[in-house]
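The values are calculated or read from the model by the stated rules, or taken from the named source; none is laboratory data. Note that the coordinates shown come from a computational prediction; the quantities given were computed from them, not determined experimentally. FYI the Cβ positions are ideal-geometry reconstructions off the backbone, even for glycines, and counts take in every protein chain you see.
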Amino acid sequence: MIERKKKTQDEAASLASLKPFRLIKFFSYSGLAVFLLFTLVLSWIISNHAKKVLLERSEAYAFVVAENLSHQVFQQFVLPTVMRYGKIALRKPEQFARLDAVVRNATHGMRIQAVTIFDSSENIISYSTVARRIGRSGEGGIEYRKALAGENNSVVRSTGTLLNLLPGGRPISSQLSTFIPFRQYQANSQGTGIILGVIEVVQDLSEDIVAITRLQGTIILTSMLIMAALFVVLGFIVARADRIIEARAEERRRLEQQLDQSQRLATLGKMVASVSHEIKNPLGIVRSTADILGKRLKSVAPGNEHLAEIIVEETGRLDGIVREFLDFARPQEPKMTPTSVNDIFSKILTFMEPELERKKIVLEVSLSQEMPKLALDQGLMHRACLNILVNSVQAMPEGGTLSVATRYEKATGLVLLVVSDTGLGMSPEKQRHIFTPFYTDKNRGTGLGLAIVKNIIDSHQGTISVDSKEGDGATFMIALPAG
Ligand SMILES: Nc1ncnc2c1ncn2[C@@H]1O[C@H](COP(=O)(O)OP(=O)(O)OP(=O)(O)O)[C@@H](O)[C@H]1O
Ligand SMILES: [Mg+2]
């Protein structure tokens, strides 16, 4: 329950530390969205403005051209024709050819696509540079009527948008049609106010509109590219920050767990130490009493001495366990003296030899003769080596090979103690736990053996590692700094 509560607290804490980066992520996404919108609006404003300027200029230009045309037509066609023929009849080819020549002369080289002249009375096209329009009626719309009322005006006819620029899209077209009244002029070139018809001048703006639309496309495309680059960079930064934060959170969780575990162990250690201490004395009394009892039983009830022996034996074992508890709970400060690790191993192995024989374990010893003497706590190191060797023997209930080797690595300045067995081995999961106090899979084990070994090696500034495969033996390696 407490564990679970702690876990949720941890998760909440790590979530809180991740939040600022979530915010950055959110800002980077929303910032990019705003930037995209802003770019679209900006490109639209720019292109619209450019189109407006283009139209205004084209319109002004068309007015000038049309005014000039109106003047030229009146002076060079209407007046001479009326004088010569009495009236204008464009159906007559020579009159039409004359008007056509005047119009083409007046608009030559002026970026004018078409010129059309509407009749004043019937909305009929009396002349057009586009032959098929001649004679049509009713084609002049509101612009024609406005011009007839004396007002210059124009209209744009466009097709296509930005999408038409995509490959396969229909070409963009844009025409500006400008309508002005076709006035009668006096000899001094002043208009009389009489309107004879309407002149329509058509300019093709497609090229300019395509250029402006391209500009709009380029702005959007460039912005998108910049945005994409920005997005990638931001993505990298956010991902990196995320990783750093995640790693920090993980590190903190680990440290907290470690702290938590060491606090618990310290409390446990104190408890174990005081209990073990209290048990030690009565245990001694029980043992010596059982000893005396055994001797007395010999005479009083012969044949029952083994009962007292069992008590002595079991109290001895209990005493061992209590001592192990005490060792773990109150790790002793190592008292360093120059020691030969080879001697330590030799002593233990001589002592273990009968048991190894009994258990059909073959011993292979390879102790290097070039070992420097190390400053070690002899007693503690003896214990550490003994614990490892005992574990190996226990791992080979059916017999096997126990190898013990020592080596001095000049390059690294390390003394290596290697103990290998051909016993049961361990899974990787098990290997992760074996140095944890009270981890055991033995009926009569305390699980403190390797925890004590680790404490001892740590106090000698050494390291211990294990290499094993389930069912395929285990190798323990201790590395101690020589010097
Ligand atoms: N050489 C080995 N081969 C296979 N398993 C091993 C070996 N050494 C240790 N282990 C595993 O590691 C566990 C922990 O060992 P450790 O020495 O700490 O405790 P223990 O031997 O179970 O009990 P204790 O040593 O306190 O009597 C063992 O229970 C065993 O499962
Ligand atoms: Mg053990």
Considering only residues that are more than 6 Å from ligand 1 (Cβ to nearest atom) and charged (D, E, K, R), which ones fall in the stretch 431-454? Arg432, Arg444, Lys454
Whether any residue in the stretch 167-174 is on the phi > 0 side of the Ramachandran plot and free of Cβ contacts under 8 Å to residues at least 12 places away in the same chain is what I want to check. yes
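Picking from Met352, Met426, which residue would you name as being among the aliphatic types (A, V, I, L, M), surrounded by 13 or more Cβ atoms within 10 Å (Cβ to Cβ), within 16 Å of ligand 2 (Cβ to nearest atom) and not in a helix (DSSP H, G or I)?
Exactly one residue qualifies, and that residue is Met426.
Looking only at the stretch 366-381, count how many residues are of a type outside the set (Gly, Ala, Ser) and touching a Lys or Arg at 6+ places or on another chain (Cβ under 7 Å). Even if it seems obvious, please write down each step before you answer.
Narrowing the stretch 366-381 to residues of a type outside the set (Gly, Ala, Ser): 367, 369-374, 376-378, 380-381.
Narrowing further to those that are touching a Lys or Arg at 6+ places or on another chain (Cβ under 7 Å): 377.
Within the stretch 366-381, residues that are of a type outside the set (Gly, Ala, Ser) and touching a Lys or Arg at 6+ places or on another chain (Cβ under 7 Å) number 1.
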Could you figure out which of (1) buried (at least 19 other Cβ atoms within 10 Å of the Cβ); (2) near ligand 1 (Cβ under 8 Å from one of its atoms) isn't true of Ile478? (2)
Number of positions in the stretch 382-408 that are among the small types (Gly, Ala, Ser) and more than 13 Å from ligand 1 (Cβ to nearest atom): 2
Filtering the stretch 183-225 down to residues that are closer than 19 Å to Ala106 by Cα and modelled with pLDDT of 85 or more yields Val198, Ile199, Glu200, Val201, Val202, Gln203, Asp204
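Which one of these is part of a helix (DSSP H, G or I), loosely packed, with under 11 Cβ neighbours inside 10 Å and of a type in the set (A, V, I, L, M, F, W, C): Leu225, Leu215?
Values: Leu215 fails: loosely packed, with under 11 Cβ neighbours inside 10 Å.
None of the other options fit; the residue is Leu225.
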If Glu251 satisfies every condition in (1) surrounded by 12 or more Cβ atoms within 10 Å (Cβ to Cβ); (2) modelled with pLDDT of 85 or more; (3) more than 30 Å from Asp119 (Cα to Cα) but one, which is the exception? (1)
Looking only at the stretch 394-423, count how many residues are crowded, with 16+ Cβ neighbours inside 10 Å, more than 16 Å from ligand 2 (Cβ to nearest atom) and among the hydrophobic types (A, V, I, L, M, F, W, C). 7
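In the set Gly462, Gly445, which member is in the same structural domain as Pro372 (by TED's automatic domain parsing) and either surrounded by 18 or more Cβ atoms within 10 Å (Cβ to Cβ) or at positive phi (or both)?
Values: Gly445 fails: either surrounded by 18 or more Cβ atoms within 10 Å (Cβ to Cβ) or at positive phi (or both).
Sole residue among the options that is in the same structural domain as Pro372 (by TED's automatic domain parsing) and either surrounded by 18 or more Cβ atoms within 10 Å (Cβ to Cβ) or at positive phi (or both): Gly462.
Would you call Glu353 touching a Leu at 6+ places or on another chain (Cβ under 9 Å), free of Cβ contacts under 8 Å to residues at least 40 places away in the same chain and under 15 Å from Thr401 (Cβ atoms)? Explain how you work it out, then say what you get.
Details: touching a Leu at 6+ places or on another chain (Cβ under 9 Å): yes; free of Cβ contacts under 8 Å to residues at least 40 places away in the same chain: yes; under 15 Å from Thr401 (Cβ atoms): yes.
Yes: the conditions hold for Glu353.
Taking the stretch 445-464, which residues are near ligand 2 (Cβ under 10 Å from one of its atoms) and assigned to a loop (DSSP other than H, G, I, E, B)? If you could, list the steps in order and put the result at the bottom.
Initially, the stretch 445-464 is screened for residues near ligand 2 (Cβ under 10 Å from one of its atoms), giving 445-453.
The answer is Gly445, Thr446, Gly447, Leu448.
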What tally of residues in the stretch 409-423 results from selecting those that are within 16 Å of ligand 1 (Cβ to nearest atom) and in a loop (DSSP other than H, G, I, E, B)? 2
Conditions (1) in contact (Cβ under 8 Å) with a residue 60 or more places away in the chain; (2) within 27 Å of Asp208 (Cβ to Cβ) -> Val78 fails only (2)
All but one of (1) at pLDDT 85 or above; (2) in contact with a helix residue (DSSP H, G or I) (Cβ under 6 Å, 6 or more places away or on another chain); (3) farther than 30 Å from Phe438 by Cα hold for Leu307; state the number of the condition that does not hold. (2)
Evaluate the stretch 176-197: report whether one residue or more is assigned by TED's automatic domain parsing to the domain that holds Phe74, buried (at least 16 other Cβ atoms within 10 Å of the Cβ) and among the charged types (D, E, K, R). yes
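Return yes when Thr436 is closer than 25 Å to Gln332 by Cβ, surrounded by fewer than 16 Cβ atoms within 10 Å (Cβ to Cβ) and within 16 Å of ligand 2 (Cβ to nearest atom) and no when it is not. Please lay out each step first, then the result.
Working: closer than 25 Å to Gln332 by Cβ: yes; surrounded by fewer than 16 Cβ atoms within 10 Å (Cβ to Cβ): yes; within 16 Å of ligand 2 (Cβ to nearest atom): yes.
Yes.
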Going residue by residue through the stretch 256-268, is there one that turns out to be more than 22 Å from Gly447 (Cα to Cα) and of a type outside the set (Val, Ile, Thr)? yes
Residues (in contact with a Cys (Cβ under 9 Å, 6 or more places away or on another chain) and touching a residue at least 60 places away in the same chain (Cβ under 8 Å)) located in the stretch 402-453: Leu417, Val453
What helices (runs of 4 or more DSSP H) completely inside the stretch 64-148 contain at least 1 residues that are of a type in the set (Val, Ile, Thr) and surrounded by fewer than 17 Cβ atoms within 10 Å (Cβ to Cβ)? 79-85, 142-148
